[in-house]
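The values are calculated or read from the model by the stated rules, or taken from the named source; none is laboratory data. Here the structure is a predicted model, which is why all the values come from computation and not from measurement. Here Cβ is always computed from backbone atoms with ideal geometry, including for glycine, and neighbour counts include all displayed protein chains. Ligands, DNA and RNA are excluded from the accessible area calculation, which covers all protein heavy atoms including side chains. Shrake-Rupley method; radii C 1.70, N 1.55, O 1.52, S 1.80 Å.
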Amino acid sequence: MTRILVAGAGLAALRTVEHLRAAGWSRPITVVGAEPHPPYNRPPLTKEALRTGITPDVLLFPQRATTADVEWRLGRRVEAVDLLSRRATLDDGDVLAYDGLVIATGVRSRTLPLNGHRIRTMDDALRLRPELVPGARVTVIGAGFIGCEIAATAAGLGCIVTVVEPLDAPLQVAVGRLVGDELRRRHEEQGVRFRLGHSVVRVDGDVVLDDGSRIGTDVIVEAVGSVPNVEWLEGNGLDLSNGVLCDAELHPVTASGPVNEVVAVGDIVRFPDPRFGTTRIEHWTMCGETARYAAISLIARITGVPSDRAGFAPMPTFWSEQFGTRLQSFGVPGLGCEDVRLLEGELAGDCAVGYYRDGILVGVVLLGLRSRMLEFRQLLTSAVVV
Ligand SMILES: Cc1cc2nc3c(=O)[nH]c(=O)nc-3n(C[C@H](O)[C@H](O)[C@H](O)COP(=O)(O)OP(=O)(O)OC[C@H]3O[C@@H](n4cnc5c(N)ncnc54)[C@H](O)[C@@H]3O)c2cc1C
């Protein structure tokens with residue numbers, strides 16, 4: 001019987017399964033996921049769930065009736081795959097033959113040799129939460145979104161928080177200096193301390209920085225980026241240098257062309273975007289968008305239906321919450337950090353900031369202004385037409 005195998009059981013996997021069923025795929029689907037949990041929502045792990053306590057049941061995504069007959073093999077890892085013979089080997093030795101394969105194994109936290117906490121999974125958050133008690137000295141290494149959100153939540157819980165970051169502003173790569181400096185100001189107003197322009201060289205009880213200064217620390221959190229979970233795909237001639245390189249229809253590519261019966265979705269997929277260049281985007285909304293597109297690509301190729309669809313070209317959309325500030329990002333602001341313009345409002349209050357590359361708007365960041373989101377998204381959509 002024709003079967004689709006989904007490797008990974010996160011949001012992108014769940015949405016792909018739903019879209020496969022919605023697009024008429026009624027044949028068997030098996031999902032293999034390394035974590036013991038069914039798909040759950042990760043964004044609250046650094047925000048409200050970390051603040052109020054992690055309740056696994058609340059984080060789980062509801063499962064639709066249309067996917068009730070899907071086989072979930074949880075707590076199991078795909079160890080290897082042979083794309084030629086269409087067989088995947090699991091960590092318990094089982095070999096699963098498939099007709100279609102969905103790569104949805106996401107990313108994991110990058111680690112430092114400091115034995116600190118990281119937050120990628122529900123279990124990570126369950127381990128960290130009891131340590132965030134009032135007065136605990138928390139050092140967060142890395143001032144990206146995850147680091148800044150943890151810092152804000154820990155400070156809100158009464159911890160004494162220091163953030164160490166080698167760049168000159170938090171979130172500098174993602175949103176540039178102007179907005180990064182403003183977010184630093186908002187964090188500092190709430191008591192978070194920053195050691196910008198510094199790296200950690202060792203931990204010997206204290207956290208020791210590259211200038212020899214020391215930070216007394218009870219809890220270390222490493223928030224230094226992510227690594228795509230691609231190892232199980234090695235040996236198949238794919239470009240795995242940064243996620244899985246795919247074509248515009250989300251099929252992985254080899255030197256001899258796309259692998260038609262395979263698609264990649266979610267955080268792991270790198271694809272050629274006509275406006276923003278070849279890109280890999282770790283945003284929640286991308287899971288649904290890649291899933292919807294890839295499900296149709298996959299069914300079309302397995303069933304031999306020719307496709308004349310336009311290539312995948314989503315509008316990247318991301319949100320964050322820090323100390324009550326809702327940050328909303330559209331497009332890829334990081335591409336336009338050399339030319340940043342205040343579009344509306346005051347930086348210290350609610351505002352809209354535009355990011356330009358060669359004079360063309362490529363990203364918008366809103367601080368507040370939630371009721372205006374669609375308007376600014378539309379402004380960007382009309383600016384970056386190919
Ligand atoms: C703490 C946190 C906060 C976030 N906050 C925001 C936010 O505010 N806004 C936003 O837009 N985005 C946010 N994100 C990003 C968003 O959650 C991700 O984009 C999304 O979860 C990616 O889903 P995914 O299914 O691609 O990958 P994942 O959710 O990582 O799922 C992949 C799954 O595959 C499993 N796996 C890995 N290797 C194998 C294997 N070999 N075999 C089987 N299974 C395997 C993994 O264990 C994992 O369970 C946040 C992410 C985190 C971690």
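For region 336-352, the set of residues classified as farther than 14 Å from MET373 by Cα, part of a loop (DSSP other than H, G, I, E, B) and in contact with a strand residue (DSSP E or B) (Cβ under 7 Å, 6 or more places away or on another chain) consists of CYS337, ASP339, listed by residue number.
Any residue at all in region 264-280 that is crowded, with 18+ Cβ neighbours inside 10 Å and at positive phi? Yes; the residues of region 264-280 include at least one that is crowded, with 18+ Cβ neighbours inside 10 Å and at positive phi.
Residue under question is ALA174, and the condition is that it be in a helix (DSSP H, G or I), closer than 30 Å to VAL230 by Cα, of a type in the set (Gly, Ala, Ser) and open to solvent by 10 Å² or more (accessible area, probe 1.4 Å); does it hold?
Yes.
May I ask you to list the residues in region 200-251 that are closer than 16 Å to HIS117 by Cα, in a strand (DSSP E or B) and open to solvent by 50 Å² or more (accessible area, probe 1.4 Å)? Selection gives ARG202, VAL203.
Consider GLY156 carefully, then state whether it is open to solvent by 50 Å² or more (accessible area, probe 1.4 Å) and touching a Lys or Arg at 6+ places or on another chain (Cβ under 8 Å).
Numbers: open to solvent by 50 Å² or more (accessible area, probe 1.4 Å): yes; touching a Lys or Arg at 6+ places or on another chain (Cβ under 8 Å): yes.
The answer is yes for GLY156.
Going by what's in this entry, would GLY363 be described as within 23 Å of GLY225 (Cα to Cα) and in the same structural domain as PRO39 (by TED's automatic domain parsing)? In short, no.
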